[in-house]
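This report concerns only the one structure given below.
The values are calculated or read from the model by the stated rules, or taken from the named source; none is laboratory data. Since the model is a prediction, treat every value here as computed from it, not as a measurement. All Cβ positions, glycine included, derive from the backbone under ideal geometry; neighbour counts span all protein chains shown. All accessible areas refer to the heavy atoms of the entire protein, side chains included, with ligands and DNA or RNA removed. Shrake-Rupley method; radii C 1.70, N 1.55, O 1.52, S 1.80 Å.
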Amino acid sequence: MANITLKEVAHSYRGESQDDADFALKKLDLTWRDGGAYALLGPSGCGKTTLLNIISGLLIPTRGQVLFDDQDVTRLPTEKRNIAQIFQFPVIYDTMTVFENLAFPLKNRGRTRAEIEPRVIELAKMLGLENDLYSRASNLTADAKQKISLGRGLIRKSVNAILFDEPLTVIDPHLKWQLRSQLKALHKKFGFTMIYVTHDQTEALTFADEVIVMYGGAIVQIGTPEDLFERPAHTFVGYFIGSPGMNVLPCTLAGSKARIDGFEIELGRTYRESGSRKTEIGIRPEYLGLNPPGGEGLPVKILKIDDIGRHKIARVALNGCQLNVIMTESAELTGDMGSLVIDPAHANIYIDEHLVEGSAP
Ligand code: ADP
Ligand code: MG
């Protein structure tokens with residue numbers, strides 16, 4: 001096993017180019033620590049598969065190097081990289097039994113039956129395939145076939161990393177949850193480096209210790225699920241993580257105050273003048289509160305309240321700005337006005353979409 005480093009890697013499917021827009025993957029530097037559980041999260045088309053294929057060797061990057069520890073593997077074919085990759089759709093041998101499918105990667109490397117059998121049985125049990133071991137793979141459901149693919153990826157103990165490219169797409173929703181926790185358990189048990197690609201924040205946040213968020217071919221933040229929630233480094237991360245996402249409103253800064261559409265709030269930290277640059281304040285709906293009109297807070301018009309079971313989500317208008325508020329207490333609000341309470345300790349300031357830090361006043 002090894003640390004995997006991407007050094008100034010960039011990829012253009014059109015070949016070398018001077019036009020930045022040609023690059024599906026913008027220049028990035030990143031090390032995946034041996035044994036880490038990572039999620040690569042971002043919307044469709046942001047470059048996740050491109051990045052994964054560069055690690056596995058299915059793609060040679062237009063620029064930069066891929067290192068496994070100190071060894072440059074940039075041009076090494078996939079077979080020589082000792083990487084397992086699991087794709088969106090099952091890749092199995094239909095004519096073989098489940099046992100033969102799972103055993104294949106080991107048999108191919110000349111392992112004996114005595115080594116293979118216990119490992120196949122162990123994995124089959126973990127994946128819930130033990131009753132189908134001697135059935136032909138072609139007779140199984142799509143779910144079971146994808147479990148075989150997962151098993152084939154996990155069967156070898158000595159891989160450098162296991163790459164999952166949205167592997168639960170074809171899996172039934174209730175099984176998804178179960179498989180995701182099994183993958184997490186397998187990671188704990190075997191300690192492989194795992195990189196799990198998804199566009200689903202719940203999948204990413206439950207699987208990974210560290211989440212890499214991509215947007216438009218670039219990495220916008222690397223952090224723990226908590227970092228992404230509390231301190232989104234980019235407004236995109238704020239929108240993308242959370243349900244509903246972070247409220248992002250235009251503002252102007254004056255020392256430790258932010259002015260939002262005529263209202264002023266004290267931030268408790270001092271910011272430099274942002275001049276003509278795009279300046280925004282981001283506050284998660286969880287950190288807003290709603291009082292009855294006339295109470296503490298800024299006057300808002302309540303546009304609607306959705307009851308989603310666990311809590312209610314209010315859509316409110318502060319002059320021309322609209323925000324979502326998650327209401328934990330069932331404050332009795334009658335009429336269409338309320339008072340919005342903002343927790344300044346959880347307000348983030350963004351200049352040109354990027355988080356900026358304030359200093360103690
Ligand atoms: P994701 O996996 O995040 O959905 P991809 O890495 O597949 O994104 O794609 C990133 C960008 O590269 C997209 O704009 C996509 O259209 C483009 N792309 C992907 N594969 C190819 C290819 N083989 N040839 C040309 N463009 C591609
Ligand atoms: Mg993809």
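Numbers below:
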{"read-out": "Packing rank of 52-65, 227-240, 254-267, where each peptide gets the mean count of other beta carbons within 10 Å, highest leading", "value": "227-240, 52-65, 254-267"}
{"read-out": "Fraction of the pair-distance distribution of segment 1-159 above 24 Å, Cα-Cα pairs, percent", "value": "45"}
{"read-out": "Segment 4-240 - percent of accessible surface contributed by carbon and sulfur, probe 1.4 Å", "value": "51"}
{"read-out": "For segment 197-269: span of alpha carbons on each principal axis (Å, largest first)", "value": "42, 23, 22"}
{"read-out": "Whole-Å distance, taken between Cα centres, linking segment 317-361 and segment 61-81", "value": "47"}
{"read-out": "All-pairs Cα distance distribution in segment 205-341, expressed in whole percent, bin size 10 Å", "value": "11, 36, 34, 17, 2"}
{"read-out": "Loop-located GluC sites (Glu not before Pro) in segment 321-361 whose Cβ has at most 14 other Cβ within 10 Å (DSSP)", "value": "329, 332, 357"}
{"read-out": "Fraction of accessible area attributable to carbon and sulfur, segment 247-356 (%, probe 1.4 Å)", "value": "49"}
{"read-out": "Label point 7 Å beyond Cα of residue 359 along Cβ direction - residues of segment 230-255 with amide nitrogen under 19 Å", "value": "253-255"}
{"read-out": "Degrees between helix 113-127 axis and first principal axis of the chain (Cα, 0 to 90, nearest 10)", "value": "30"}
{"read-out": "Top of 351, 222, 241 by mean-square fluctuation, Gaussian network on the chain, Cα under 10 Å", "value": "351"}
{"read-out": "The chain, Cα convex hull volume normalised per residue, Å³", "value": "169"}
{"read-out": "Highest-MSF residue in the chain out of 337, 194, 214 [GNM, Cα springs under 10 Å]", "value": "337"}
{"read-out": "Overall Cα dimensions of segment 123-215 - principal axes, largest extent first, Å", "value": "41, 30, 18"}
{"read-out": "Centroid-to-centroid separation of segment 1-41 and segment 221-262 [C-alpha atoms, Å]", "value": "26"}
{"read-out": "Simple spin-label estimate for residue 91 and residue 69 in nanometres, 7 Å along Cα-Cβ", "value": "2.6"}
